[in-house]
Structures are given as structure tokens and as C-alpha cells.
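Report on one structure; see the data block that follows.
The values are calculated or read from the model by the stated rules, or taken from the named source; none is laboratory data. Keep in mind that this is a model prediction, so the values were computed, not measured. Cβ placement follows ideal geometry from the backbone for every residue including glycine, while neighbour counts extend to all protein chains displayed.
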2 protein chains.
Amino acid sequence: MTQITPDTSASIRRLDPEDAQQALAQVQELLHRHELVENLVHRQEHGDERAVLVEGLLQRQHEAELKELVNDLHPADIAFILESLPNAERQLIWRLVSAEHDADVLLEVDDWVRESLIEAMDRQDLVAATEGMDADELADLAPDLPPDVVAEVQKGLTIEERARLIEAMGYPDDSVGGIMDFEMVRVRDDVSLEVVLRYLRHLPELPDHTDQIFVVDRNDKLLGTLTLSSLLVNEPEIEVRAVMGTDYLSLSPLDSDSDAAGAFERYDLVSAPVVDDLGRLIGRVTISEVVDVIREDSDEQALSRAGMQEEDIFAPVIMALKNRAPWLLLNLCTASIASFVASRFEDTVSTIVMLAFLMSIVAGIGGNSGNQTMTLIIRALAVGRITDKNVWQLVKREMLVTFLVSLVGSTVAAVFAWAISNSISVALVMMAAMICNMLIGAMIGVLVPVVRNRFGKDPAMGSSVLLTFATDSMGFFIFLGLATIFLL
Amino acid sequence: MTQITPDTSASIRRLDPEDAQQALAQVQELLHRHELVENLVHRQEHGDERAVLVEGLLQRQHEAELKELVNDLHPADIAFILESLPNAERQLIWRLVSAEHDADVLLEVDDWVRESLIEAMDRQDLVAATEGMDADELADLAPDLPPDVVAEVQKGLTIEERARLIEAMGYPDDSVGGIMDFEMVRVRDDVSLEVVLRYLRHLPELPDHTDQIFVVDRNDKLLGTLTLSSLLVNEPEIEVRAVMGTDYLSLSPLDSDSDAAGAFERYDLVSAPVVDDLGRLIGRVTISEVVDVIREDSDEQALSRAGMQEEDIFAPVIMALKNRAPWLLLNLCTASIASFVASRFEDTVSTIVMLAFLMSIVAGIGGNSGNQTMTLIIRALAVGRITDKNVWQLVKREMLVTFLVSLVGSTVAAVFAWAISNSISVALVMMAAMICNMLIGAMIGVLVPVVRNRFGKDPAMGSSVLLTFATDSMGFFIFLGLATIFLL
């Protein structure tokens with residue numbers, strides 16, 4: 001990375017938080033030059049041979065530069081760059097990544113990119129890349145791999161590893177079992193720390209993110225955990241059982257990964273043991289998986305509120321179409337129903353045309369206000385802050401807050417309505433309708449996510465469609481209804 | 001926590017990911033009973049003395065139960081419960097929390113709750129709670145503490161700690177300096193691992209989240225890091241310099257905390273050193289702070305898209321009003337302008353009233369479609385995936401995707417328009433307007449966040465207001481404009 005952080009001395013390679021972005025810019029620059037040359041070659045296809053030769057040389061030089069740049073990066077940064085390029089350029093770079101990085105990069109890239117990378121590899125390279133993987137890593141990749149590659153690779157596993165692979169493949173993606181690994185260091189409780197230290201010295205290295213080792217009995221039942229801190233600060237003669245912790249978080253493989261992430265966050269953990277129903281140690285979860293869960297959950301929530309799933313910003317257009325059309329069509333249906341409701345008041349609107357221009361304000365602000373309430377409620381639901389006991393308190397509070405906001409808002413709206421319609425009665429009807437519609441928005445904003453959550457549904461996505469539908473239809477209905485009664 | 005996880009044996013206290021929620025439900029149940037009794041007492045204020053006496057006893061019993069329940073929890077869980085209760089109940093529970101937990105709970109609770117807790121404490125308790133804190137913890141709390149308490153507490157600090165407190169208070173909240181701590185273990189590079197092990201054995205414990213210790217020269221210049229793993233697996237005779245890592249992420253105190261969090265995520269780190277311009281070690285950042293940054297950033301983004309800041313769901317109504325009204329008023333203004341644009345076509349609408357009911361569909365779908373594009377772009381911006389080189393590719397791609405989606409959507413909409421207006425020409429105008437407006441939405445959805453981001457502004461909040469404004473106004477303008485030209 002010497003090219004990127006010029007302030008480093010030769011012996012120290014320092015990573016910088018913005019490395020990945022800078023490397024991406026460099027890769028894009030080189031690709032751009034590469035493309036320019038390619039266009040030149042194509043343009044003079046029938047030109048003289050010497051020019052073609054020069055271009056070919058230039059091409060190879062660019063590729064060599066790219067290759068050096070990319071292979072000098074951390075595998076996570078290579079993954080980032082692959083994710084950030086359109087498919088053709090992604091494949092070009094992927095071909096330049098040296099085989100030693102293949103496994104790490106495949107494990108680091110997002111799901112939607114991994115598929116396209118695997119497709120581009122031949123069987124032999126795939127086997128080479130995956131045969132050194134741990135059971136839990138292989139389990140993550142298995143759904144994307146050709147079945148014959150999985151069959152080939154698992155032949156090379158030990159019986160124990162094969163059993164773990166089968167176990168890991170059995171747990172749902174969003175469970176603790178889906179994110180746990182099997183790299184645990186186990187010790188007995190009746191040995192001295194000295195013995196533990198000697199045992200560790202025989203290992204080539206400790207598993208990543210080892211902040212504690214696990215104390216088990218002969219049946220693998222978890223008795224406690226020995227933090228590296230206790231191991232290091234206590235005298236070597238002390239027995240493990242005297243310093244092991246018995247006050248620890250333990251997870252079950254079927255716990256939800258989001259709950260586990262919440263616990264890591266609250267208790268500031270680096271790793272946690274996973275035990276089965278009999279209390280036997282079967283795996284561990286580390287903070288690096290948890291951070292991914294937190295990030296994915298937050299991304300998913302943002303996307304699902306806009307009615308989408310994770311999408312490659314460079315995915316083929318047809319996939320984007322499938323991702324986005326259903327939600328837009330659903331919105332189109334609800335908007336059409338709302339507009340059908342409004343069209344029942346055709347006579348009213350043809351008498352006072354100004355109502356046509358004001359009704360969308362009533363509908364829109366109801367939706368905006370309900371959306372604020374809903375955002376707060378979805379957040380409070382996500383951290384488990386809403387219980388049966390306080391849900392009515394929340395409804396009452398939101399209704400009160402919304403009522404006060406609507407008094408301010410509807411006064412402003414009434415002034416506007418009076419200005420463009422020149423009628424006090426239209427202004428008063430506008431004010432009343434807006435207050436009612438904002439209260440409806442607040443009610444829906446609390447109740448729909450709470451009820452969806454109660455039935456185990458994602459509170460974000462469905463709720464926003466329902467909210468818009470309600471505030472549009474009811475906004476039109478109340479406004480035009482009041483107008484029909486009081487203004488005609 | 002024996003009450004909560006009945007499956008635990010007496011000697012092992014096991015935490016469970018859902019502990020906090022279960023404890024919250026229990027606290028609420030007890031508070032509910034407490035309140036019932038209190039109401040009874042109030043209702044028979046003039047009743048006989050014996051009844052009052054009995055109620056008083058019951059009250060005390062409830063408080064004792066609550067006290068036992070709460071003080072048996074992890075400080076993070078106490079913080080969670082305090083955050084999840086309305087203010088009066090929060091204060092009741094806070095009084096029951098024993099003084100030994102005060103410091104930890106104050107550090108764990110969210111900012112918006114901390115203030116109300118500090119207000120309820122007298123000076124003496126505050127000094128007692130804060131005087132044992134580290135410099136970085138005190139710096140986090142200082143803005144909320146009464147100045148005389150800060151003055152009192154800092155008297156008890158060593159000169160070194162006082163210098164650190166001043167340093168920590170000087171960095172912005174959203175910088176690496178704002179989240180770093182000073183609990184570093186330092187060693188020299190020319191000693192053997194044996195010496196390091198002996199040195200560590202003299203410490204009472206290692207700082208939380210110590211996965212590496214820092215190798216510095218006599219001027220505190222960082223030379224490398226020694227992971228606990230290397231320390232434990234290598235032979236004690238080896239010198240530190242032979243096994244220390246020189247390939248590590250180092251942060252500057254003025255780096256943004258979000259960039260640092262991104263780096264922790266990519267490189268799967270547990271801790272990272274913070275160095276000044278001269279390469280001297282001045283602090284470290286740990287994963288527990290980083291997880292909080294990730295969570296806060298994602299919360300902030302969700303809230304800012306709805307035009308809000310962090311809000312206590314039990315905050316006084318007046319604060320909620322201040323939080324929500326500005327954004328709703330801004331939306332009201334843009335909606336009014338859009339409606340004013342539409343009202344310029346009064347003649348057209350009074351001739352064909354059906355247009356009034358169809359125009360809100362055109363505006364709404366443009367907004368929904370643009371919102372999908374914008375959500376993807378904001379996400380890609382957040383991880384640094386968008387550069388000058390690919391922004392035009394993205395615009396082109398989004399326009400193409402949106403065009404295809406709009407062909408499908410506008411056909412459905414045209415059928416609906418034909419059904420309620422009974423006019424093929426209205427249906428065709430509707431179709432054309434909808435396609436145009438969705439393309440406008442896509443363009444705004446890419447360009448506005450990109451431009452705001454370029455100028456260092458939060459891409460989420462302002463963008464969504466501008467998007468709605470554009471798709472509403474242009475939706476009305478294009479639809480009614482085309483209708484005026486072709487249908488009159």
C-alpha cells in the first residue's frame with residue numbers, strides 16, 4: 001500500500017481508514033485508461049500492424065499495474081473494489097486477483113457479488129480456493145457453489161469437520177447457528193494456568209477474536225470461561241477453576257442473530273459461547289460476525305422501507321426491474337383506490353375547483369406526520385422498548401403531540417387555502433380535515449408496526465404502504481366529505 | 001438474575017440475549033401494582049388509618065422487590081430499562097439503583113436520558129459517581145455535569161489524567177478523538193516475551209478489549225503491535241520485535257468516527273491505536289465504541305429521513321413539538337407550492353374534473369420511484385462506493401431501470417385512468433406524464449444526494465424534501481400541461 005500512504009516508512013505498512021476508497025479511485029483511473037486504449041485499437045482495426053502492437057503493449061502494462069495495485073490490498077478492500085465496479089470491469093479485476101486471495105475475497109464480498117465471481121471461475125480454481133476453508137466458512141458459501149465442487153471439497157475434510165459442515169448448513173441464515181464458528185480453544189477446570197499457557201504455546205496461533213477460552217468437562221459441558229486477561233494477570237500456579245468466569249452470556253444456536261447482536265452491543269462482548277440444550281459447547285460467535293449482522297439489519301431496514309431488497313447498483317437491469325416493480329405497482333394500486341375514493345366527490349370538486357388543488361396537501365401532510373411517528377415506533381420496537389404495558393401510553397402521547405403539531409400546521413395551511421381560494425369556509429374545512437388526517441396518521445403510525453411486530457412480521461415495509469394508503473384515502477374522504485356537507 | 005433464567009444452576013449465572021426485555025416486563029408489572037396501590041391510597045385519603053398503614057407496607061414491599069430486581073441486573077440492562085420508562089417511573093427506579101452502579105449506568109444510557117438522571121442527583125452523589133471514572137469517560141459526561149462537580153472531581157485526578165481529560169474534551173464528538181480511551185498497555189521492542197508476561201502479571205487486570213499491546217520507543221513513537229495471540233503462542237525467550245506486527249490500522253484523532261468504524265468493519269478489528277502527527281501513541285479505539293457509532297449512525301440516518309433528531313419516546317410533549325414541527329412546516333410549504341403550480345391550470349381541471357383525481361397518482365408514483373433510487377444511492381454513498389468516475393454510469397443505469405419500470409407502471413395506470421374517465425386520450429396523457437415524472441424522480445434521486453454529499457452535507461434529510469417537492473410540482477405541471485395542450 002506504499003502508493004497510497006506516502007508517509008509510511010519502508011518497514012511499516014500502515015492501513016488508513018480511507019485506503020479502500022483511494023484504491024478504488026486508482027483502479028477506476030487505470031481501467032479508464034485501459035478502456036481508452038481499447039477503443040483506439042477497435043477504431044483502427046484495419047490500421048497498420050505497428051499501432052496495434054503498441055496498443056497491445058500498453059494494454060499489458062495497464063494490466064500489470066492493476067494487478068500489482070490490487071494484489072497489494074487487504075482482501076476486504078479487494079472485495080470492496082469488486083463490489084463497486086460494473087460487471088465487465090469487475091470480471092477484469094477478478095481475473096487479475098491472484099489465487100492466494102481467492103478464498104478470502106469470496107468470503108468477504110456481499111452475496112449479490114459472490115455469485116457472479118463464482119460463475120467466472122472454473123471448477124479447478126474453485127476447488128483450490130475452497131478446500132482450505134473452515135466448516136463454517138464453507139457452509140456460508142455452499143449455497144452458491146456448484147454441487148460437484150462441494151462434493152469434491154468435503155471429501156478432503158476430517159470426519160469431525162464434515163459433521164460440523166452438515167450442522168452449520170442446517171441452521172437458518174438469520175440464527176446464531178448461521179453465524180457461529182467452531183474455532184474454540186477448550187481447557188479443563190482442574191489444570192493450572194501454567195498448563196494452559198504451555199498448551200497454547202503449541203498452537204500455531206489463536207483463532208481470530210479469541211478474548212476468552214472455554215472451560216469444559218469431559219462431556220464438553222461448558223463450566224465457565226477463562227478470559228485471556230485472567231490468564232495473563234494471574235500467577236501460573238493458580239487453577240483454572242479459581243479464576244474462570246461463571247457469569248457470561250451464552251447463546252443457543254436457534255436464537256435470532258439480531259437478538260445476539262443486541263446482547264453483544266449491551267454487554268460489550270468480543271465473543272460468546274454457543275451451547276446446546278444439554279449445556280454442551282458447540283460453537284462460538286465473534287464480534288466480527290455481529291458487526292456484519294448489525295450493518296445488514298440496518299441496511300435491510302432502510303431498503304425495506306423503500307420496498308426493495310439488497311440490490312447491486314450495477315446488477316443487470318432486468319434484476320433491478322424485478323426488485324422494484326412489485327412495490328411500485330402496490331403503491332399504484334393504493335393510489336388508484338385513494339383517487340377512486342376522491343372521484344366519488346366529482347360534483348363537489350366541479351363546483352369548487354380549488355378543492356382539487358388543496359386535497360393533495362391534506363393527504364400529503366398526514367402521511368409525513370404519520371411517517372415521523374412510525375419511524376420512532378419502529379426504532380423503539382427494534383430495541384425491544386415497547387411492551388404491552390406502555391403501548392397505550394405511547395398512542396396517547398403520539399396523539400397529543402400530533403394534535404399540537406397539527407394545530408400549528410393546519411393554521412398555516414388554512415392561511416394558504418384562504419389566499420388561493422379567497423374563501424374563509426374553504427380554509428376552515430381545510431384546517432379541520434388536516435387535523436383529523438394527521439391524527440389518523442399518528443394512530444396508524446403506532447398501531448400498524450406494533451401489530452405487525454406482534455405477528456412476527458417485519459414492521460417497516462408493509463407499514464409504510466398501509467400508512468400512505470390510509471392517509472391518502474382518508475385525507476381525500478374527510479376533506480371532500482366536509483366540503484360537501486359545509487360548502488355546497 | 002436467577003429470577004429470569006430458571007434453567008441456570010446455582011453457581012453459574014448465565015446471561016440471555018432477552019434478559020433486558022424480560023426484566024423490563026417485570027419492572028413494568030411491579031410499577032403497575034405500585035401505581036394501583038398508590039391510587040387506592042389517594043382515593044381513600046380520608047379513610048381509616050389502618051388501611052393507609054397496610055397500603056404503605058405494600059408500597060415498601062414493592063419498592064424492595066423492584067430494588068432487588070434492578071440491582072441484580074447488568075448496568076447496561078438497568079440503562080435500557082431507564083430508557084424505556086416514562087419520566088416519573090424512570091426517576092422512581094433511578095432512586096432505587098444502588099450507588100455502586102451509578103457511574104456505569106450514567107455511562108451506558110443514551111444522551112437524552114442522561115440529562116434527566118443527572119438532574120435528579122444531588123451534588124454529593126454525582127461527585128461520588130464520577131470520581132472513579134477514567135479521563136475519557138469523564139470527558140463524555142462533562143457537558144451534562146454541573147461545572148462545580150467537574151471542578152471538584154478533576155481535583156482528584158493525577159496530572160497525567162488531567163492532561164488527558166483536557167485533551168479528550170477538545171475533540172469533536174464525531175471524531176476518533178471523541179471515542180478513544182487511554183487504557184493502553186505499552187512495551188518496548190527489545191525485551192523478551194517473558195518480560196512482557198511478567199509485566200502483565202503485575203497488573204490487576206488488562207484494560208477491556210485488549211487484543212493487542214502497543215510497542216513504543218522511548219519517545220512513545222508507535223513501532224508495532226503485539227497481539228495477545230503472538231504473545232501466547234510464541235516461546236517466552238523470543239524478543240518482542242521479532243513477533244510484533246507492523247501491518248496495522250492506525251487512526252488519527254481527527255479522523256471521522258464513521259470512517260474508523262468502516263475500517264473496523266472491513267478489517268475485523270477489536271482495537272486500533274490512535275497516533276498523532278509525529279507517530280506517537282496517544283490513545284486507542286475499541287470495538288465497543290465502534291459498535292455504538294455504527295448503531296448511532298444508522299439510527300440517525302433513519303430519523304433524519306423522516307426529518308427528526310433522536311427523540312425520547314417519553315420526552316415532554318413540548319420537546320417533541322420542537323423536534324417535529326420544522327420538517328412538517330417545510331413539507332407544508334413545498335406541498336403548497338406544488339398545489340399553487342397545479343392551481344394555475346384551474347380552467348383545464350374545471351373542464352375535465354377527472355384530471356383532479358388522477359394528478360395525485362402521477363405525483364405520488366414519481367416520488368415513490370425516486371425514493372427507491374435515492375435509497376440505493378444514499379447507501380452507496382455511505383460506504384464510499386460512488387466516485388466521479390461512475391456517477392454518470394449510475395445516472396444512465398437508473399434512468400434505464402426507471403424507464404422500464406415506468407412502462408409497466410404507466411400501462412396499469414393508463415388502464416385505470418381509462419376506466420374512470422372513459423377517455424383514451426386522458427389515459428394516454430396519464431401514461432406520458434407518469435413516465436416523464438418517474439424519470440425526473442430518478443434523476444433527482446441520484447443527483448441531489450451526490451451533490452449534497454460533495455458539499456459535505458448529510459445526503460439523507462434535505463434530499464427527500466427536494467425529491468417530493470420536484471416530483472409533486474413537476475408531476476402536476478407535466479400532467480396538467482399535457483392535458484391542456486392535447487385534451488382541450
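So, in the range A:277-291, exactly how many residues are of a type outside the set (S, T, N, Q), closer than 16 Å to residue A:181 by Cβ and in contact (Cβ under 8 Å) with a residue 24 or more places away in the chain? Of the residues in the range A:277-291, 8 are of a type outside the set (S, T, N, Q), closer than 16 Å to residue A:181 by Cβ and in contact (Cβ under 8 Å) with a residue 24 or more places away in the chain.
Would you confirm, using the coordinates I've provided, whether residue B:370 is in contact (Cβ under 8 Å) with a residue 24 or more places away in the chain and more than 8 Å from chain A (Cβ to nearest Cβ)?
Values: in contact (Cβ under 8 Å) with a residue 24 or more places away in the chain: yes; more than 8 Å from chain A (Cβ to nearest Cβ): yes.
Considered against the rule, which asks whether it is in contact (Cβ under 8 Å) with a residue 24 or more places away in the chain and more than 8 Å from chain A (Cβ to nearest Cβ), residue B:370 comes out as yes.
Being in a helix (DSSP H, G or I), closer than 27 Å to residue A:326 by Cβ, more than 9 Å from chain A (Cβ to nearest Cβ) and in contact with a Phe, Trp or Tyr (Cβ under 7 Å, 6 or more places away or on another chain) is a property that does not hold for residue B:414. Can residue B:310 be described as closer than 30 Å to residue B:467 by Cα, in contact (Cβ under 8 Å) with a residue 24 or more places away in the chain, surrounded by fewer than 22 Cβ atoms within 10 Å (Cβ to Cβ) and more than 7 Å from chain A (Cβ to nearest Cβ)? For residue B:310, the condition - closer than 30 Å to residue B:467 by Cα, in contact (Cβ under 8 Å) with a residue 24 or more places away in the chain, surrounded by fewer than 22 Cβ atoms within 10 Å (Cβ to Cβ) and more than 7 Å from chain A (Cβ to nearest Cβ) - is met.
For the range A:233-247, name all the residues that are surrounded by fewer than 21 Cβ atoms within 10 Å (Cβ to Cβ) and either closer than 29 Å to residue B:78 by Cβ or more than 8 Å from every other protein chain (Cβ to nearest Cβ) (or both). Walk me through how you get there before you give the answer.
From the range A:233-247, those surrounded by fewer than 21 Cβ atoms within 10 Å (Cβ to Cβ) are A:233-239, A:241-243, A:245-247; that's our starting set.
Scanning the range A:233-247 gives A:233, A:236, A:237, A:238, A:239, A:241, A:242, A:243, A:245, A:246, A:247.
In the range B:108-139, how many residues are under 23 Å from residue B:319 (Cα atoms) and of a type outside the set (Phe, Trp, Tyr)? Step through it out loud before you land on a result.
We begin by selecting, within the range B:108-139, every residue under 23 Å from residue B:319 (Cα atoms); these are B:108-121.
Remaining after also requiring of a type outside the set (Phe, Trp, Tyr): B:108-111, B:113-121.
Summing the residues that are under 23 Å from residue B:319 (Cα atoms) and of a type outside the set (Phe, Trp, Tyr) in the range B:108-139 gives 13.
Could you please find all residues in the range A:195-232 being buried (at least 17 other Cβ atoms within 10 Å of the Cβ), within 10 Å of another protein chain (Cβ to nearest Cβ) and either over 16 Å from residue A:182 (Cα atoms) or more than 35 Å from the chain's Cα centre (by Cα) (or both)? Correct list: A:196, A:200, A:223, A:224, A:227, A:228, A:229, A:230, A:231, A:232. Taking the listed residues A:353, A:349, A:362, the one that is farther than 29 Å from residue B:84 by Cβ, within 7 Å of chain B (Cβ to nearest Cβ) and in contact (Cβ under 8 Å) with a residue 12 or more places away in the chain is A:349, with no other qualifying. Residues in the range B:315-324 that are facing chain A (nearest Cβ under 7 Å) and buried (at least 19 other Cβ atoms within 10 Å of the Cβ) were compared, and the one that is farthest from residue B:116 (Cα to Cα) is B:324. Can you find a residue that is touching a Gly at 6+ places or on another chain (Cβ under 9 Å), among the β-branched types (Val, Ile, Thr) and buried (at least 23 other Cβ atoms within 10 Å of the Cβ) anywhere in the range A:272-282? Scanning the range A:272-282, I find at least one residue that is touching a Gly at 6+ places or on another chain (Cβ under 9 Å), among the β-branched types (Val, Ile, Thr) and buried (at least 23 other Cβ atoms within 10 Å of the Cβ), so the answer is yes. All of (1) under 15 Å from the mean Cα position of the chain (by Cα); (2) more than 7 Å from chain A (Cβ to nearest Cβ); (3) surrounded by fewer than 18 Cβ atoms within 10 Å (Cβ to Cβ) hold for residue B:299 with one exception: (2). Within the range B:389-435, the residues that satisfy the criterion of being within 30 Å of residue A:28 (Cα to Cα) and touching a residue at least 40 places away in the same chain (Cβ under 8 Å) are B:391, B:394, B:395, B:398, B:399, B:401, B:402.
Against the numbered list (1) outside any helix (DSSP H, G or I); (2) crowded, with 19+ Cβ neighbours inside 10 Å, residue B:165 comes up short only at (1).
Going by what's in this entry, would residue A:336 be described as in contact (Cβ under 8 Å) with a residue 12 or more places away in the chain, facing another protein chain (nearest Cβ under 9 Å), in a helix (DSSP H, G or I) and under 24 Å from residue B:469 (Cα atoms)? Full working, then the answer.
Working: in contact (Cβ under 8 Å) with a residue 12 or more places away in the chain: no; facing another protein chain (nearest Cβ under 9 Å): yes; in a helix (DSSP H, G or I): yes; under 24 Å from residue B:469 (Cα atoms): yes.
The answer is no for residue A:336.
Is it the case that some residue within the range B:210-217 is closer than 20 Å to residue A:270 by Cβ, of a type in the set (Ser, Thr, Tyr) and in a loop (DSSP other than H, G, I, E, B)? Within the range B:210-217, one or more residues are closer than 20 Å to residue A:270 by Cβ, of a type in the set (Ser, Thr, Tyr) and in a loop (DSSP other than H, G, I, E, B). None of B:258, B:298 is closer than 29 Å to residue A:382 by Cβ, without any contact (Cβ under 8 Å) to a residue 60 or more places away in the chain, not in a strand (DSSP E or B) and not assigned by TED's automatic domain parsing to the domain that holds residue B:170 except B:298.
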